[in-house]
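Below is one structure, written out as structure tokens; the observations come after it.
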Amino acid sequence: MGRKTLFYLFTLLFFVCVGISEASADGLLLAEPGSIPGPVKAPAALSVKKHLVTVRIESQVATTRVDQVFVNGFDADVEATYLFPLPEKAVISNFSLTINGAKVGGEVLEREQARRIYEEIVRKMKDPGLLEYAGQNLFRARVYPVPARAQTRIELVYSEALAAEGGVTRYVYPLDTERFSPLPIEELGLSVHVSSAVPIKSVYSPSHDIDVRLRSREADAGFEQRGVKPDRDFVLYYGVSERDLGMSLLTYRAPGEDGFFLLMLSPGQIEGPALPKDVVFVLDTSGSMRGEKLEQAKRALRSCLEGLGERDRFNVVQFATGVSPFRAGRAGLATAGNDAVGSALAFVERLEARGGTNIGGALLTALRMFPAAGRASMVVFLTDGEPTVGATETADILKILERENRARARVFVFGVGYDVNTHLLDGIAAKSRGFSDYLAPSGEIERAVSSFFRKVSRPVLSDAALQIGGVEVFDLFPAGIPDLFSGQQVLAFGRYRGEGETVVAGTVDGRAERFVGEGAFPARSLEHDFIPRLWASRKIGYLIDEIRLHGENKELIDEIVLLSTEHGIVTPYTSYLVLEEKGSLEQLGMRPEEAPSVRSEGMRLAKAMEDRTGDASVAAAKDLKEMKGRSVLPGLSAATVKHAGAKTFYLRGGAWVDSAYREGMKTTNLLPFSGAYFELLKRVPELAKYLAISKNLVVVHGSACYRISD
């Protein structure tokens, strides 16, 4: 990650310990044991060298093109079987298969026949990985010969009808070779193009960090990786709506429990003139900004000023020991005509770096420029130091913000370098519903500020508020719905009780508006099982940030420990999760005597959180920002924690134990791969994704508990 060891360990401690499954889920090429040289009695998977996937979704029909290159590492030609688990609930048609340029035949096996095939392979390989797909259809083809020490290219094309629910369509591509591929994939890429007759409002993947380009009725998304072993299926959601504001709701709720939800809010890519906005740019010109930092900041300001709309109003405030605005006086906002922007550009050009850092005075001056209310108001604040003039205490400056921000302006703070007071800047951003970002001393300022301003240049909805009838919503993160901008997507994770509809109220161009969402809060919903873990990760991030800014208290620490234990999220307060027993240490490749030094990393992190300035403080602030806004399940995992569905399992005494297990539970014991084992799977198919974890497992299902052990 390009940081010092402390920062790497910080990220490791805070990443959700994800390991959704170790099964192979993409196209799998299994060499038959009778054709493999030597005394091999079980099928052997061939390595995947390249895996490229291209998807086109038109009117909810997805056509998927798969291009895989396998390598036969044996010294003889082998006979192999190509298996492709089909996406659950998909209606598949139009299959074609090409192997080394020649079209060949294959067959689609329905669920019951596919289940028997999966079980037979599991018995032979003594590995339960494929069981996760035992409830799905299967495409199977014979491949012979697979040349010795050579590559075999397989191209697969299939089409499927996708179901939509509440304006949201879900696409899944099976992409998991963690257990079976002997070597990492050299080249992995997946791209999706979506076209829709109804405007596309949101595109989101909880499984992968995708790049998204959104237009009115088209969207492109995808990712590329090299040298990886994928450990999860690719999942994509996209929401469509004819309404001005798209509101897509996804829920997860187990029977008899409070629910979890993800609310996706987006106006999509709005065409036509933008709504007007009020902006005050505040620039630190203290002596420490001298040189390239100030020149970059000037270039960024020029870009922002030139990007203002004709109906926008603005001002520029420079501060050092004193505070000097481009246009002085209360409500001193200039309309962004050519004359005003030209004069402001000349003002920026004359700026020089000298003197102290009067952050409180600059913030006070900027906030007093806005009318009491009306349209989207924002402050873009850039500084590279701690306050040294005027109000210097964090609490005093935050009081200024609370007292003077009558227009409810959002403050977007950019801290440059490592001498900034992260506690202060994060506090300003949090109290104003803005955000804070931290930039390297050189090379990032112009790009980061200009890119940010382009994203917020077209406001759509301000002063947003979530109103839900008949449902109790709690633990919402972020706590308040921020202003919405054209092309922007806001993801809010929360908990709920009861059942009802979604409503968002806000201000559009000075008018009060009310939007009713598509989708409702159900009493039972088990499909989107990624939501609880991402919600827990965000909540833990907010709790840790609260401790960082205001100090420790027992209630917050107890809540962090409880959440981290339930959801398998390692924190500074629960680093013991990966170091609890000798078997766990062995999984980490660590000797027992090394454990104390690893435990101390949590203490070192706590110290980094206490520091207000310095590189460790900036690193902590950036990583906590990532955690509080997390929307993608992270890829790092601890060797002693695994996830399947919404469950978390811990390695204890050589077995993976469900976090819901309690000592004294009545337990049914089963031998792995026995008749009773497969009978249980047939009777309770939802256990498949848990049994796929390991042949040594303790899992709780409802009031029943099962121990699988050889």
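Each reported figure results from applying straightforward, stated rules to the coordinates on display, with no laboratory input. Here the structure is a predicted model, which is why all the values come from computation and not from measurement. Note that we place each Cβ from the backbone using ideal geometry, even for glycine, and neighbour counts take in every protein chain shown.
General observations
- The GluC sites (Glu not before Pro) found in region 369-471 that occupy coil by DSSP, while having at most 14 further C-beta atoms within 10 Å, are Glu393.
- Residues Ser457, Ser181 in ascending order of nearby Cβ atoms (within 10 Å, fewest first): Ser457, Ser181.
- Contact order normalised by residue count of the chain, Cα under 8 Å, 6+ apart, percent: 14 percent
- Low-density loop cleavage sites - GluC sites (Glu not before Pro) in region 44-128, where at most 16 other Cβ are within 10 Å (DSSP): Glu88, Glu110
- Relative to one another, the C-alpha centroids of region 66-115 and region 452-488 are positioned 45 Å apart.
- Full extension of the chain between Glu257 and Arg111 gives 49.5 nm of extra length, using 0.36 nm per residue less the Cα-Cα distance.
- Loop-located trypsin sites (Lys or Arg not before Pro) in region 142-174 (DSSP state other than H, G, I, E, B) with a sparse environment of at most 13 neighbouring Cβ atoms within 10 Å: Arg149.
- Short-range pairs are left out: with C-alpha atoms under 8 Å and at least six residues apart, the relative contact order of region 40-193 is 41 percent.
- Along region 122-127 the Karplus relation, 6.51 cos²θ - 1.76 cosθ + 1.60 evaluated at θ = phi - 60°, assigns HN-Hα couplings of 4, 4, 5, 8, 6, 9 Hz to successive residues, with x for each Gly and Pro.
- Ranked by how many other Cβ atoms sit within 10 Å of their own Cβ, fewest first, the residues Met627, Met665 fall in the order Met665, Met627.
- Subtracting the Cα-Cα distance of Asp220 and Val561 from 0.36 nm times their residue separation leaves 118.8 nm of extension gain.
- Rounded to 10°, Cα long-axis angle of helix 5-14 versus longest principal axis of the chain: 70 degrees
- Each residue of region 191-205 was assigned a 3J(HN,Hα) from its phi angle through the Karplus expression (A = 6.51, B = -1.76, C = 1.60, θ = phi - 60°), giving 10, 10, 10, 10, 10, 8, 6, 9, x, 8, 9, 8, 9, 8, 10 Hz with x at Gly and Pro.
- Sorted peptide list for 362-372, 348-358, criterion being average Cβ within 10 angstrom, highest first: 362-372, 348-358
- Each label point was placed 7 Å from the Cα along the Cα-to-Cβ direction; for Glu663 and Thr63 their separation is 6.1 nm.
- Flagged links, alpha-carbon separation over 26 Å, of Lys539/Lys642; Lys49/Lys622; Lys201/Lys647; Lys298/Lys622; Lys201/Lys689: Lys49/Lys622; Lys201/Lys647; Lys201/Lys689
- Helical contribution to [θ] at 222 nm, DSSP H n ≥ 4, -39,500 (n - 2.57), averaged over the chain, rounded to 500: -7500 deg cm²/dmol
- Label point of Ala479 set 7 angstrom out along Cα-Cβ; within region 420-435, amide nitrogens under 15 Å from it belong to 426-435.
- Global geometry of the chain, whether rounded, prolate or oblate, following the gyration tensor of its Cα atoms and the 1.5 cut on a/c: prolate
- Across region 520-527, rounded Karplus estimates of 3J(HN,Hα) from the backbone phi angles (6.51 cos²θ - 1.76 cosθ + 1.60, θ = phi - 60°) give 9, 8, x, 7, 8, 6, 10, 6 Hz, Gly and Pro being marked x.
- When the convex hull of its Cα atoms is projected in every direction, mean area for region 224-331 (nm²): 15.2 nm²
- Pairwise centroid distance, computed over Cα atoms, of region 230-307 with region 157-218, Å: 21 Å
- Proximity of backbone amide H atoms, modeled 1.01 Å from N, is registered between Ala44 and Ala31 at under 5 Å, excluding neighbours fewer than 5 places apart on the same chain.
- Relative contact order, percent, region 654-710 [alpha-carbon distance under 8 Å, six or more residues apart]: 50 percent
- For region 378-473: rounded, prolate or oblate by the Cα gyration tensor [a/c cutoff 1.5]: oblate
- Zone residues, region 37-70, relative to Ala148, backbone N less than 15 Å from point 7 Å out along Cα-to-Cβ: 37-39
- Highest average first, the peptides 671-680, 160-169 ordered by how many other beta carbon atoms sit within 10 Å of their residues are 160-169, 671-680.
- Ordered by the number of other Cβ atoms lying within 10 Å of each residue's own Cβ, fewest first, Arg533, Arg115 fall into the sequence Arg115, Arg533.
- Fully extended contour minus Cα-Cα distance, from Arg514 to Ala328, at 0.36 nm per residue: 63.2 nm
- Alpha carbon centroid spacing (whole Å) that separates region 630-706 from region 384-400: 52 Å
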